[in-house]
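Heads up, the thing below is written out as structure tokens.
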Amino acid sequence: MISIFKVFLKKYLRAWFKKKGSIKLGIYGPPNGGKTTLANKICVDWLGEEMGNVSSIAHETREIQIKEQVTIKSDGREISFNLVDTPGIATRIDYEDFLKAGMKEKEAKQRAKEATKGVIDSIKWLDEMDAVIIVLDSSKDPYSQVNITIIGNLEARKIPVIIVANKIDLKRSDVQKVRNAFPQYRVIGISAKFGKNVEELYKSLFELLK
């Protein structure tokens, strides 16, 4: 009886916060999929400022970043949410990978430590999310342990999800392969870097956050 009450209360509070414009929309995915690039695109489009730094080296984002009251508009409608950019989720983090990227040993070990904490924080924050955008690199194989782990965690929590197949500007991009991997979700191919097809994502957010 108590557990049923808790579930009801959680749903009621989520609905109330949505009405107050405090929806939490999380951006999740593996490292270097383009999460912060997408977050920056959304923030520049609707707030006129970026969310955070991007880098070709994995785990540039190692702390949760939030932009409050992002309001998007499309077809005469508007919706507001708090955008949460999360560190990339990985099943293995080795400081030697950062050494290969040109970092010195001390810096590489610190980066690995911070990245590990970032992964833990990302998973903890899942319980705070009202909806999630999963950002995947469409030029890479979507059937990875990391991607399946992320999807599984979201499914277990029954969190609404939309998948962004990013980097369609690359020749190796294969959006259909991402759709085949996760047929239970809507998949939108975009280029966050060049803003290609991002308008379709904005329109889809109204359905995701309803």
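Throughout, read-outs are computed from the coordinates displayed, never taken from laboratory work. From a predicted model like this one, the values you see are computed outputs, not experimental measurements. Neighbour counts are summed over all protein chains in view; Cβ atoms, including those assigned to glycine, are modelled from backbone coordinates with ideal geometry.
As a test, work out the antiparallel percent of DSSP beta bridges whose residues both lie in region 21-208, rounded to the nearest 5.
Details: 9 of 26 bridges.
Around 35 percent antiparallel, to the nearest 5.
Please quote Rg/Rh for region 21-208 to two decimal places, taking the Kirkwood radius as Rh and restricting both calculations to Cα atoms.
Details: Rg = 15.9 Å, Rh = 16.7 Å.
Computed over Cα atoms, the ratio is 0.95.
Compute the separation of the alpha-carbon centres of region 194-210 and region 98-166 and state it in Å as a whole number.
21 Å
Taking the Cβ of each residue in Ile148, Ile134 as the centre, tally the other Cβ atoms inside 10 Å and list the residues starting with the fewest.
Numbers: Ile148 14, Ile134 26.
Arranged by neighbour count, lowest to highest, Ile148, Ile134 become Ile148, Ile134.
Over region 21-208, what is the mean sequence separation of C-alpha contacts under 8 Å (at least six apart), divided by residue count, expressed as relative contact order in percent? Please list the in-between numbers first.
Working: 355 pairs, mean separation 43.5, N = 188.
Computed value for region 21-208: 23 percent relative contact order.
Would you kindly derive the ³J(HN,Hα) couplings of region 148-161 from the backbone phi angles with the Karplus curve 6.51 cos²θ - 1.76 cosθ + 1.60 (θ = phi - 60°), listing them in order in whole Hz, with x for Gly and Pro?
My calculation for region 148-161 gives 5, 5, 4, 4, x, 5, 6, 5, 5, 8, 6, 8, x, 9 Hz in order.
Pull out a ≥ b ≥ c, the square roots of the eigenvalues of the alpha-carbon gyration tensor of region 136-210, then state rounded if a/c is under 1.5, prolate if not and a/b is larger than b/c, and oblate in the remaining case. If you can, show how the numbers build up before the last one.
Numbers: a/c = 2.26, a/b = 1.13, b/c = 2.00.
Note, shape of region 136-210 comes out oblate.
Taking the Cα centre of region 21-208 as origin, work out the dipole magnitude from +1 charges on Lys and Arg Cβ and -1 charges on Asp and Glu Cβ, in debye rounded to 20.
Values: 28 positive and 27 negative charges, 90 e Å.
Approximately 440 debye in magnitude.
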